[in-house]
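Here's the structure, in structure tokens; my notes come after.
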Amino acid sequence: MDTPNISKEDIINAFMYRHATKEFDVTKKVTEEDINFILKTGNLSPSSFGFEPWHFVVVQDKELRALLKPVAWGAPDKLDTASHFVLALSMKKPMIKWDADYINHMMKEVKQFPKDVIEMYSTFYKEFQERDFLLDTDKKLFDWASKQSYIALGNMLTSAAMIGIDSCPIEGFHQEKAEALLSDKFGIDTQKYGLSYMVAFGYRKEDPAHPKSRRNFDDIVTWK
């Protein structure tokens, strides 16, 4: 594996280029190779304990996109114009509680830990949930999983910008209604997964009306 040699200038340029695209150019489509590259950077993102508590559903069917509009007030223009539209699901308690089958699968089959390491890791994870972070309710566990999924979101937005593809993260939806729809029409087991965010990818229809603005760097960093 080679050491990355991407210039800092190119990386900062990608961050400056990225903006929350409200409407996409319907005449331009992201290639299969490029969308898979973006999703792969989500796949390779870090997560707490390395348990990857996420799943991404790419919605290309126009009828399914139309069904999302009434429950996603922040998405209609994106649903109509984005080249690719992604639903980001995060795992719920049956999947990520310390003794869940999925967690055992991750340690045994994916990470291929030996038995003694599995026992040690499982103890650490149990103490983390029950003692350190007090993840003692369904909502707390889902919110914790969502935190991990947002790491993947940041990486996908940045990787898209680095190859000139635009994006828009979306939280403008009614979670209960959206999850009922996902269960009814998308075949998603909402006992195991909840909707954390949506994200659209494509090519901007027009440039942003205003330059990117951020707080002064010295206002957000303190050295001790």
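The values are calculated or read from the model by the stated rules, or taken from the named source; none is laboratory data. None of these values were measured; they are calculated from a predicted model. FYI the Cβ positions are ideal-geometry reconstructions off the backbone, even for glycines, and counts take in every protein chain you see. The protein model used for the area step is the full one, side chains on, heavy atoms only, and it has no ligands, DNA or RNA in it. Shrake-Rupley method; radii C 1.70, N 1.55, O 1.52, S 1.80 Å.
Residues that are in contact with a Ser or Thr (Cβ under 7 Å, 6 or more places away or on another chain) and more than 30 Å from residue 36 (Cβ to Cβ) within segment 85-141 comprise just one, 98. Against the criterion of being among the charged types (D, E, K, R), closer than 21 Å to residue 155 by Cα and open to solvent by 60 Å² or more (accessible area, probe 1.4 Å), residue 2 qualifies. Flag set for residue 89, criterion: buried (at least 21 other Cβ atoms within 10 Å of the Cβ) and either touching a His at 6+ places or on another chain (Cβ under 6 Å) or within 26 Å of residue 130 (Cα to Cα) (or both). For segment 15-35, the candidate set comprises residues that are within 12 Å of residue 160 (Cβ to Cβ) and assigned to a helix (DSSP H, G or I); within that set, the residue that is nearest to the chain's Cα centre (by Cα) is 35.
For first residues located in segment 38-64 and assigned to a loop (DSSP other than H, G, I, E, B) and open to solvent by less than 60 Å² (accessible area, probe 1.4 Å), partners that are of a type outside the set (A, V, I, L, M) and at pLDDT 95 or above and lie 6+ apart or on another chain with Cβ distances below 6 Å form the pairs 45/155; 47/148; 53/90; 53/148; 59/65; 59/85.
None of 120, 107 is open to solvent by less than 50 Å² (accessible area, probe 1.4 Å), more than 22 Å from residue 154 (Cα to Cα) and assigned to a helix (DSSP H, G or I) except 107. Regarding segment 146-154, can at least one residue be identified that is modelled with pLDDT of 95 or more, surrounded by fewer than 21 Cβ atoms within 10 Å (Cβ to Cβ) and part of a loop (DSSP other than H, G, I, E, B)? No, segment 146-154 contains no residue that is modelled with pLDDT of 95 or more, surrounded by fewer than 21 Cβ atoms within 10 Å (Cβ to Cβ) and part of a loop (DSSP other than H, G, I, E, B). Considering segment 155-184, the residues that are open to solvent by 70 Å² or more (accessible area, probe 1.4 Å) and among the charged types (D, E, K, R) include one that is nearest to residue 56 (Cα to Cα), namely 171. When residue 182 is tested against (1) more than 29 Å from residue 33 (Cβ to Cβ); (2) in a helix (DSSP H, G or I), just one condition goes unmet, and that condition is (1). For segment 185-200, a residue qualifies if it is open to solvent by 20 Å² or more (accessible area, probe 1.4 Å) and among the hydroxyl-bearing types (Ser, Thr, Tyr), and the qualifying residues are 190, 193.
Just checking, does segment 197-207 include any residue being hydrophobic (A, V, I, L, M, F, W, C) and in contact with a Phe, Trp or Tyr (Cβ under 7 Å, 6 or more places away or on another chain)? The answer is yes; a qualifying residue exists.
Residue 87 - would you say it is touching a residue at least 40 places away in the same chain (Cβ under 8 Å) and assigned to a helix (DSSP H, G or I)? Judged against the criteria, residue 87 is not a match.
Kindly indicate whether residue 142 is in contact with a Lys or Arg (Cβ under 6 Å, 6 or more places away or on another chain), surrounded by 13 or more Cβ atoms within 10 Å (Cβ to Cβ), modelled with pLDDT of 95 or more and part of a helix (DSSP H, G or I).
The answer is yes for residue 142.
Within segment 209-222, residues that are closer than 16 Å to residue 13 by Cα and charged (D, E, K, R) have Cβ atoms under 8 Å from residues that are outside any loop (DSSP other than H, G, I, E, B) and open to solvent by 100 Å² or more (accessible area, probe 1.4 Å) in these pairs: 212/16, counting only partners at least 6 apart in sequence or on another chain. Selection of first residues in segment 109-138 that are closer than 15 Å to residue 51 by Cα and of second residues that are open to solvent by 90 Å² or more (accessible area, probe 1.4 Å), restricted to Cβ pairs under 8 Å at least 6 apart or on distinct chains, gives the following pairs, ordered by first then second residue: 118/108; 129/136.
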